[in-house]
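> I have a structure here, written as C-alpha cells, and I will follow up with some questions on it.
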Amino acid sequence: MTPAELSAQLLTVVDGALERRGESTLTIGIDDVLLERPKNREHGDWASNIAMKLAKPLKTNPRELALELADGIRSIDGVSSVDVAGPGFINMTLDAAAAGAIAKTIVEQGDEFGRGNLYIGVKIDLEFVSANPTGPIHLGGVRWAAVGDSLARIFTAVGGIVTKEYYFNDHGGQIDRFARSLLASYLGEPTPEDGYGGQYIADIADRIVTGFTGDLASITREDQQEIFRAMGTDLMFGDIKASLHDFGVDFDVYFHENNLHEGGDVGRAIERLRTAGHIYEAEGATWFRSTDFGDDKDRVMRKSDGGYTYFLPDVAYHVTKWQRGFGRAINEQGADHHSTITRVRAGLQALSLQIPKGWPDYVLHQMVTVMRSGEEVKLSKRAGSYVTLRDLIDEVGCDATRYFLVARKVDSQLIFDIDLARSQSNDNPVYYIQYAHARVCSLQRQLGERGLGWNRDNGLAQLALLTSNFEQLLMVELSRYPEMLDAAAQNLEPHMLAQYLRDLATAFHAYYNGEAILVADDNLRDARLNLCAATQQVLHNGLDLLGVCAPEKM
RNA sequence: GCGCCCGUAGCUCAGCGGAUAGAGCAAUUGACUACGGAUCAAUAGGCCGGGGGUUCAAAUCCCUCCGGGCGCACCA
C-alpha cells in the first residue's frame with residue numbers, strides 16, 4: 001500500500017463521517033486529509049490530525065471524532081491497527097505484507113523508482129554559476145554548481161525538461177579590468193589600481209604570449225589589450241568549463257552576453273521601453289522608471305559615457321529565455337546580487353510581453369565563509385586569495401565536496417573549513433552513505449562465495465516475513481523517497497535529498513548490525529536480500545541525483 | 001536609515017504548525033574470533049537569541065527588540 005492509496009482510503013472514511021452528520025457544505029480534499037510519519041515509532045506507521053482539524057467546523061470534540069474515524073479506518077485493507085492518542089491523533093499501523101510491498105515496488109521499478117510527474121512536460125531553464133571569466137571559479141561558485149546541478153537532476157527526475165544554462169559575461173568593465181591586468185603583467189607593470197592580482201594572471205598572460213602567433217611587441221597598446229581581452233577570457237573560460245566538467249557539472253547552453261549586443265536585443269529592448277514611455281534622459285544618462293514597477297529608485301540603463309549598465313542586457317537576456325519557451329526560469333545566484341531581482345522583473349513587466357509578474361524564479365544562496373588554520377580566508381580575486389574548484393577537487397574530492405555543499409539549506413551562510421574537509425574527509429556523511437551502498441554489494445558478493453543463491457521472486461513473495469523493528473524502520477524510510485523528491489523539487493531545496501540519504505543509510509546500518517542478512521532459512525534470506533536490494537537501489541538513485549557515485553567497494 | 005537572509009547541543013547543521021526538539025563531530029562507555037568496525041548500541045549535553053501576540057497546538061506563523069551576514073552605484 002502506497003501513501004497515496006492510504007490517503008485516498010482515509011478520505012473515503014472521512015467523507016462517510018461527514019455524510020452521517022448531514023454535513024454538505026464542508027468539502028474535504030485529498031490534501032486536507034493530512035497523513036504524516038510520526039517521529040516516534042510507538043505512534044505507528046502513519047498518523048493523521050484530521051480529527052483535530054475538523055473538530056472546530058463540526059463543533060465536536062476532537063477525540064470523539066477521532067474514535068469514530070478510527071472505527072472506519074480499521075476496516076481498510078492492509079491496516080492492522082488503529083489507535084487514538086493525545087488530543088486526537090489517529091495512529092495507524094500497517095500489517096507486514098502491506099508495509100513490505102514497498103520493497104517489491106522498488107525492486108521492480110529499479111532506476112525508475114522515485115521518478116514522478118510533478119513537472120511533467122514543463123520546460124525549465126535553470127541558470128547557475130555564471131561566474132565572470134576574470135578568474136578561476138572559487139568556493140562560492142562551487143556551491144552554486146553543486147546545488148544547481150543537483151536541482152537540475154531532481155527536476156528531470158520529476159518530469160521536467162531542463163536546460164542548464166551559463167550566462168557568460170564577456171562584456172563590460174570587469175572584463176576590461178581583467179584585460180588591463182593581463183597586459184600589465186605582460187609589460188612588467190604593477191597591477192592596475194582596480195585590477196586583479198594573483199598568480200593566475202601571470203600564468204594566463206604567459207599562455208597568451210606563447211599562444212599568440214603574431215608579433216605582440218610591434219602593435220599598439222590598444223591592440224595588445226584587445227588581444228589579451230579576447231584570448232584571456234577564452235582561456236579563463238576554458239579553465240572554468242574544464243574544472244566544472246571534472247566536478248561533474250556540464251551545461252546545455254553557454255549564453256554569451258556579446259550576442260545580446262551584436263544581435264540587437266539590447267537595442268530593441270531599449271526602443272520598446274522608450275516607446276512605452278518608461279524611460280527618460282537626465283544628467284546625461286538614460287534612466288528606466290523602475291519605480292513604476294515597485295523598485296525603490298529609478299535605474300540608469302545607459303551611462304553618460306554611452307555604455308550600458310548590466311541591467312538592460314540582463315533584461316534583454318531574460319526576454320530571450322521567455323521567447324525560447326521556458327514557462328519556468330530559475331536563476332541561482334548569490335545573496336550579494338539579490339537586488340537585481342526586483343529590477344529584472346520590473347524591466348520585463350515594462351516590456352508588456354505578457355510575462356507573469358513573478359517570472360523568473362530565484363534561488364538565492366548566502367555567502368560561504370572559508371576557514372583555514374582557524375582563520376577566515378577573505379576571498380578576493382583582486383588580492384589573489386581564494387580557494388578554487390580545482391583545489392577542492394584535488395584536496396577534498398568531488399563526492400565529499402558536492403555532498404557537503406548540497407547538504408545545507410541555501411539560505412544559511414555556511415562555513416567551509418578547509419583543514420577539516422581535508423583531514424577528516426572520512427567523516428563526511430557522504431562516505432557513510434556510500435558505505436551503506438557498498439555493504440549491500442558486498443553481501444551480494446558474499447552470496448556466491450558461500451555457495452548460496454538469491455531467488456528474487458521467492459523473496460518478493462516472502463516480504464511479509466520482514467517484521468523486525470529494524471526492517472519496519474528501513475521500509476518506512478524507503479517509502480518516503482518519492483514524496484521527499486517531490487518536496488525537494490517543489491521547494492527548490494536539494495538539501496532535503498542529502499539529508500534523506502543519510503537517514504536512509506542510518507536505517508540500513510542499524511539493520512545490518514542488528515540482524516544477520518545471510519541466514520540459513522531460504523525464505524527469510526531471500527526476503528531480506530530483496531529489502532537490501534531495494535535499499536541499494538534507492539541509495540543509487542538518490543546519490544545519482546546529487547552527482548555522487550555509488551561505489552560497489554570502498 | 002531602508003530591504004533580503006540567518007540566530008536551535010561545545011562545534012557544523014537538520015526540523016519550519018502537531019504528540020518527549022534531532023543528526024554528525026567533539027566527550028564518556030560498551031558491542032559479536034564478524035554478512036567489510038569508513039559500522040552499531042548507550043550516556044551526557046538545549047528556557048530552539050529576548051519579549052509580546054495568533055492557535056486546541058508555535059523552534060515553526062505575525063509584531064517588536066537584540067545580535068550577525070549581504071545589498072542599497074552612471075560595478076556585475
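> To the nearest Å, what is the center-to-center distance of the stretch A:308-339 and the stretch A:182-212, using C-alpha atoms only?
Using only Cα atoms, the two centres lie 32 Å from each other.
> Additional query: How many angstrom lie between the C-alpha centres of the stretch A:262-293 and the stretch A:461-504?
52
> To the nearest 0.05, how large is the calculated FRET efficiency for A:Arg422 and A:Thr210 if R₀ is 41 Å and r is the Cβ-Cβ distance?
E(calc), rounded to 0.05, equals 0.80.
> Additional query: Would you mind checking which residues have amide H under 5 Å from A:Ser80's amide H? H placed 1.01 Å from N; only 5 or more apart, or other chain.
A:Thr93, A:Leu94, A:Asp95
> Also: Using the per-residue mean of other Cβ atoms lying within 10 Å as a proxy for protection, in what order, highest first, do the peptides A:350-356, A:217-223, A:93-99, A:83-89 fall?
Details: A:350-356: 13.9, A:217-223: 9.1, A:93-99: 19.7, A:83-89: 16.9.
Final packing ranking: A:93-99, A:83-89, A:350-356, A:217-223.
> For A:Phe416, enumerate residues with amide H under 5 Å from its amide H, sequence gap 5+ or separate chain, H modeled in the peptide plane.
Residues meeting the criterion, in which the H sits 1.01 Å from N, are A:Thr369, A:Val370, A:Met371.
> If the convex hull of the alpha-carbon atoms of the stretch A:3-94 is projected onto planes in all directions, what is the mean projected area in square nanometres?
5.3
> For chain A, what does the alpha-carbon gyration tensor say about shape, rounded, prolate or oblate, given a ≥ b ≥ c as the root eigenvalues, a/c under 1.5 as rounded, and a/b over b/c as prolate?
oblate
> Same structure again: Just subtract the alpha-carbon distance of A:Ser373 and A:Ile120 from 0.36 nm times their residue separation and send over the number in nm, one decimal.
Numbers: separation 253, 0.36 × 253 = 91.08 nm, distance 4.77 nm.
Length gained, A:Ser373 through A:Ile120: 86.3 nm.
> Treat the count of other C-beta atoms within 10 Å as a stand-in for reagent exposure and order A:Glu483, A:Glu471 from fewest to most.
Values: A:Glu483 16, A:Glu471 23.
Arranged by neighbour count, lowest to highest, A:Glu483, A:Glu471 become A:Glu483, A:Glu471.
> Percent relative contact order of chain A, based on C-alpha pairs within less than 8 angstrom and at least six residues apart?
16
> Hey, how much of the P(r) for the stretch A:188-276 falls beyond 22 Å, as a percent of Cα pairs?
For the stretch A:188-276, the share of Cα pairs beyond 22 Å comes to 51 percent.
> Oh, and also: What residues qualify as long-range amide H neighbours of A:Gly334, i.e. H under 5 Å apart, gap of 5 or more or another chain, H built at 1.01 Å from N?
A:His365
> On a full-extension model of 0.36 nm per residue, what is the gain between A:Arg221 and A:Glu271, subtracting their alpha-carbon distance, rounded to one decimal in nm?
14.5 nm
> Please compute the net charge surrounding A:His365, taking Lys and Arg as +1 and Asp and Glu as -1 over other residues with Cβ under 14 Å from its Cβ.
Once all neighbours under 14 Å are counted, the net charge is -4.
> Write out the GluC sites (Glu not before Pro) in the stretch A:279-335 meeting two conditions: DSSP loop, and at most 12 other Cβ atoms within 10 Å of their Cβ.
Sites meeting the loop and neighbour criteria: A:Glu283.
> Within the set of other residues whose C-beta is less than 10 Å from the C-beta of A:Phe293, count the net charge using Lys and Arg as +1 and Asp and Glu as -1.
Surrounding charge for A:Phe293 is +2.
> Still on this structure, please answer the following. When the chain is fully extended, how far beyond the present Cα-Cα distance does A:Glu108 get from A:Asn491, taking 0.36 nm per residue of separation?
So the extension gain works out to 135.0 nm.
> Over the stretch A:3-94, what is the relative contact order in whole percent, taking alpha-carbon pairs under 8 Å and six or more residues apart? Walk me through the numbers before you get to the answer.
Working: 123 pairs, mean separation 23.7, N = 92.
Computed value for the stretch A:3-94: 26 percent relative contact order.
> Where the centre of each part is set by its Cα atoms, how far does the stretch A:359-376 sit from the stretch A:406-447, in angstrom?
20
> Rounded if a/c is under 1.5, else prolate if a/b is larger than b/c, else oblate: which is the stretch A:136-294, with a ≥ b ≥ c the root eigenvalues of its Cα gyration tensor?
It is oblate, given that a/c is not under 1.5 and a/b is not larger than b/c.
> Given chain A, what percent of its DSSP beta bridges are antiparallel, to the nearest 5?
Just about 50 percent of them are antiparallel.
> Next question, about the same structure. If a/c stays under 1.5 just call it rounded; otherwise compare a/b with b/c (prolate if a/b is bigger, oblate if not). Do that for the stretch A:100-215, with a ≥ b ≥ c from the square roots of the Cα gyration tensor eigenvalues. Let's see the in-between values first.
Values: a/c = 3.74, a/b = 3.25, b/c = 1.15.
Because a/c hits 1.5 or more and a/b exceeds b/c, the stretch A:100-215 counts as prolate.
> Let me ask something else about it. May I ask for the net charge around A:Ser468, where only other residues with Cβ less than 11 Å from the Cβ of A:Ser468 are counted and Lys, Arg are +1 while Asp, Glu are -1?
Result for the neighbourhood of A:Ser468: -1.
Only the coordinates and a few stated rules stand behind these numbers; no lab work does. Keep in mind that this is a model prediction, so the values were computed, not measured. Heads up, the Cβs are rebuilt from the backbone with ideal geometry, glycines too, and the neighbour counts pull from every protein chain shown.
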